[in-house]
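Notes follow once the structure below has been shown.
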Amino acid sequence: MPRSDTDGSSLPYFLEAHYYSGGLRFKHLGGPRPIWAPEPSRVGFRNEIDLREADAVIEFYRMENDGHPITWLAIFFRSPDRKFGDRQNHAGAGLWLNGYQITDADKLLRGLEQFARGVANAGEADELEHDASVFLADKFVGSYVVPTDEYAQQLRGWPYASQGLSETEIFVAQSPELDAAWKQAAEQILRLTFLPAPSARHSRALIVVTDKELELRPVSGHKALSVKGNFAKEILDLIPKVASETRRSNSELTDRLSSSDEQVRLLGDRLAKSEALNAEARQSLATLRAEVEANDVLSTLIRLAGVVEDVKQLGSSTKDYIRELVDTAASNTNILKRIEIHHAQTSSNKIKYENTPFKSDTSGTPKHKVKEFPTGPVTVGILSVAVIIILLILILRRIL
């Protein structure tokens, strides 16, 4: 598994140390801490068991974090506080795995034991960092784990706790020879990794590794169970159940695939019909476009719209001209009335003048009579007709 990454976001595993130095401290080893990793305070030995100096305790914890299936495997030993001395504290190191299962627990535990003892003995940080980078290489940790999704659901072991809600089971791996006790612990790790949990709430386990026969009295009140049995036989006994479940799952998958095939066929028919309808629609559109281009309907409509607008403007102008005509006619009517009144008065005066005897001036020369402008009905009619004709000529000029 390549481990070159600038921000650590894709690293599938890394090491982290827990120790006391004026209080509990954490330090990740082997590169940057990935963003998928839970807070280090979510895990760790909490003194649930009163450890002897020669004993070790292994913590196995599974949890979900932001959708990632996380496994934590760590080893702790008795260790003093680096500032305050021996206060029955502990220290150790653990491995975080993102989406991986442990397949070689024996070798993995041996490597983790070295780091845990180095942290418990207050080893130099630079030396631990270098050793961690080597240990996390593909030929070491990379060969001890495999992706979880390579195994059937029935072989994925204890569940992953959500939101830190889990039950803890305590086991004891005991043998007069510590090497044998560590092998028991390794087998127990494989049980936790592949076999079902006692309940859906069990996601955390503690395994005490000791060479002494002792009856543990866990501080937490949990009963400690001895590690026993043959893991190989247990996994073989589980295989028929896994095979049966696999066949059932395959049958269900086949049924779903058959149903999906039918749905795909129906969908294909619908798509074919839709494509045919789309082709007809495209043909109809092309035909309509050709007809429009041939008849130049669009241009005709545009010109017609312009003509309609001109007619509207002409109608508006005509209304104004008619209004002017009406006003002019009314004015002419008033003029005609004045002419008639003036004509009546002039006729009356003429009659009076004709009845007066002829008089001569002082020189004895008779005065000639002044010629008058004809103001009879015929003259008035001629003037009215002329005015109307002039108005009509003006109107026709505006329109044309």
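Structure data summary
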| quantity | calculated |
| --- | --- |
| Members of region 197-206 found to be outside any strand (DSSP E or B) and either among the charged types (D, E, K, R) or touching a residue at least 40 places away in the same chain (Cβ under 8 Å) (or both), listed by number | Ala197, Ala200, Arg201 |
| Complete set of residues in region 95-119 that are in a strand (DSSP E or B) and either over 37 Å from the mean Cα position of the chain (by Cα) or of a type in the set (Phe, Trp, Tyr) (or both) | Trp96, Tyr100 |
| Criterion: in a loop (DSSP other than H, G, I, E, B) and either closer than 14 Å to Val119 by Cα or over 37 Å from the mean Cα position of the chain (by Cα) (or both) - qualifying residue of Lys27, Lys83 | Lys83 |
| Flag if Ala137 is assigned to a loop (DSSP other than H, G, I, E, B), closer than 24 Å to Ser10 by Cα and out of contact with any Cys (no Cβ under 8 Å at 6 or more places or on another chain) | yes |
| Cβ-Cβ under 6 Å pairs, at least 6 apart or on other chains, region 19-32 side free of Cβ contacts under 8 Å to residues at least 40 places away in the same chain, far side open to solvent by less than 70 Å² (accessible area, probe 1.4 Å) and among the β-branched types (Val, Ile, Thr) | none |
| Boolean, His68 is more than 18 Å from Ile189 (Cβ to Cβ), in contact with a helix residue (DSSP H, G or I) (Cβ under 9 Å, 6 or more places away or on another chain) and modelled with pLDDT of 85 or more | no |
| Condition broken by Ile75, with the remaining ones in (1) assigned to a loop (DSSP other than H, G, I, E, B); (2) open to solvent by less than 40 Å² (accessible area, probe 1.4 Å); (3) not basic (Lys, Arg) satisfied | (1) |
| Residue match in region 42-60 (condition: over 23 Å from Val208 (Cβ atoms) and open to solvent by 10 Å² or more (accessible area, probe 1.4 Å)) | no |
| Any hit, region 29-39, residues being open to solvent by 70 Å² or more (accessible area, probe 1.4 Å) and not small (Gly, Ala, Ser) | yes |
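Yes or no, residue by residue, for (1) farther than 24 Å from His202 by Cα; (2) modelled with pLDDT under 90; (3) among the aliphatic types (A, V, I, L, M); (4) buried (at least 21 other Cβ atoms within 10 Å of the Cβ):
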position	(1), (2), (3), (4)
Gly94	no, no, no, yes
Asp104	no, no, no, no
Leu109	no, no, yes, yes
Pro147	no, no, no, no
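The values are calculated or read from the model by the stated rules, or taken from the named source; none is laboratory data. Bear in mind that the values here come from a model prediction, so they are computed numbers and not experimental data. Neighbour counts are summed over all protein chains in view; Cβ atoms, including those assigned to glycine, are modelled from backbone coordinates with ideal geometry. Quick note on the areas: whole protein, heavy atoms, side chains included, nothing else; ligands and nucleic acids left out. Shrake-Rupley method; radii C 1.70, N 1.55, O 1.52, S 1.80 Å.
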